[in-house]
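Since every read-out is calculated from the coordinates, none of them should be taken as a lab result. As the structure is a prediction and not an experimental result, all values here were calculated from the model. FYI the Cβ positions are ideal-geometry reconstructions off the backbone, even for glycines, and counts take in every protein chain you see.
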Amino acid sequence: MEKENSKLILSFVCLAVFFFLLMGIVISGGFQIDDLINQKVSLLQNSWLDKVFIFLGTYFKRILIGASLIAISALYIGKRKKESFILAISLFSGFIFEQIIKPPPGINLTLGGGYSFPSGHSIFAAILFSSLIYFYKDQIKNKILKIIFILINVLLILFVGFSRIYINKHWFTDVIGGYAAGLFILIIILWIFELKNPED
């Protein structure tokens, strides 16, 4: 029960972060840290990185969808049908959440230059790679390999978010809002399933 309560508390912390950022955009039009991060990232820009991130920006959604289908299939084939279903429903819920949170016509919840809150790619990445950590970390007995596995997935989450900032598709707070939303969705769904199936 303590584990389930911890998940519930963490999920609401993520939700609180999301709504804090959302209210900041609605009330004050954004955060100063966005301009600061944008300036720092612009210093890193060069022709080689531009090509890499523009390419990824074009195909990232397809890559993430493909990786998700592979992960869902691997879990299902590995006789982990519940985990497969949790990942599928979490990703679908993330997509629905992104569609619902988009502002209706006439209401501006975007920052200057057309940036939108939250980053859908960040929602997707947070759900996908965090779920892989959660489902597989205990299956890896070697401590070093486990650390490497976790680190790779965390870096992939951060890389997706950074790429959205680098190609000027989103502000820093869009990305953090996407992470918070994605983690909230995944954690609350895990909490619901484990509450209903405590023996699993």
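Per-structure values
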| item | result |
| --- | --- |
| Residues of the stretch 5-25 classified as farther than 12 Å from THR173 by Cβ and either touching an Asp or Glu at 6+ places or on another chain (Cβ under 8 Å) or not aromatic (Phe, Trp, Tyr) (or both), total | 11 |
| Residue identified as under 16 Å from the mean Cα position of the chain (by Cα) and either aliphatic (A, V, I, L, M) or surrounded by fewer than 15 Cβ atoms within 10 Å (Cβ to Cβ) (or both) among ILE96, ILE72 | ILE96 |
| Restricting the stretch 27-49 to residues that are in contact (Cβ under 8 Å) with a residue 12 or more places away in the chain and either among the hydroxyl-bearing types (Ser, Thr, Tyr) or farther than 16 Å from ILE176 by Cβ (or both), the residue that is surrounded by the fewest Cβ atoms within 10 Å (Cβ to Cβ) | LEU44 |
